[in-house]
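Where a number appears in this text, it was derived from the coordinates with a stated rule and is not lab data. Values in this document were obtained by computation on a predicted structure and should not be read as measured data. All Cβ positions, even for glycine, are placed from backbone atoms using ideal geometry, and neighbour counts span all protein chains on display.
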Amino acid sequence: MHSIYAVLALALMPLVAAQPARAQNDPTIHMVTYIDVAPAAKDQAAALLKPLAEASRKDAGNLLFQILQRTAPAHQFVIVATWKDQQSLDAHGAAAHSKQFRSQVDPLLIAPIDDRLCIPTFVAAQKGGDSSVYVVTHVDVPGAVRDKIMPALQALAEHSRKEAGNLRFDVSYQKNRTNHFTVMENWKDQAANDTHELAAHTRAFRGVLTPITGALYDQRWYKSM
């Protein structure tokens, strides 16, 4: 079985050299924010998140501001945001609506808000169409083998974007822990996502990752609010 994954992985590698990654002078950044509230408070949290999103989308430099609710457990939320540059993000953090949200949601939290500033690495323009399935995955590897997973991540992204029903497949790394990656996916429906999970390139990627990973494969499904 491992030999099959190895052959598939080798087949993916030649694609990497031909594909562009993030432009060197691109100042765009992603902020992925995890919010865990008490199960009984999930509706209260959702009610606070919706006006935050409406106000934040009007902030200068905002390119994307999505509120996602985990399918299970439903008291976990994630904000997936894209900003033109660090200055735009800083201004958003200092805005009255950001401060108000954090003050109001604080009594509902069961853990501190987890902000992860990420540098877009293998990204492409999002496709048009409505998405019903959102997936956010953490890929954490030991720092010494970071370079070994980079080609596999890029190949996975390039192949996955070509699948029917894929609307987004982006990879970023965490700025303060560069061996921690976030994979962000949007799919038209569950059937498209299910097909992706069994695709040869998906299996090949996991075949490369599993022997070197430093953590469990943390894959989470969400729905848009």
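Summing charges over neighbours of Gln69, with a neighbour being any other residue whose Cβ is under 10 Å away from its Cβ, gives +3 when K and R count +1 and D and E count -1.
Across the range 153-162, computed HN-Hα scalar couplings (Karplus, 6.51 cos²θ - 1.76 cosθ + 1.60, θ = phi - 60°) run 5, 5, 4, 4, 5, 5, 5, 5, 5, 8 Hz from first to last residue, x flagging Gly and Pro. The listed peptides 141-150, 179-188, ordered by packing as a protection proxy, come out as 179-188, 141-150 (highest mean of other Cβ atoms within 10 Å first).
Among Leu156, Leu63, Leu48, Leu216, which comes first, second and so on when ranked by fewest other beta-carbon atoms within 10 Å? Mind dumping the intermediate values first?
Working: Leu156 26, Leu63 13, Leu48 19, Leu216 8.
The most exposed by this proxy come first: Leu216, Leu63, Leu48, Leu156.
When only alpha carbons are used to place a centre, the range 119-138 and the range 188-225 end up 13 Å from one another.
Taking the Cα centre of the range 44-96 as reference, the dipole from Cβ charges on Lys and Arg (+1) and Asp and Glu (-1) amounts to some 180 debye. Amide H contacts of Gln76: Arg70, each under 5 Å away and 5 or more positions distant or on a separate chain (H built 1.01 Å from N in the peptide plane; Pro and chain starts excluded). Placing one equal scatterer on every Cα of the chain and applying the Debye formula, the log10 ratio I(q)/I(0) at q = 0.15 Å⁻¹ is -1.04.
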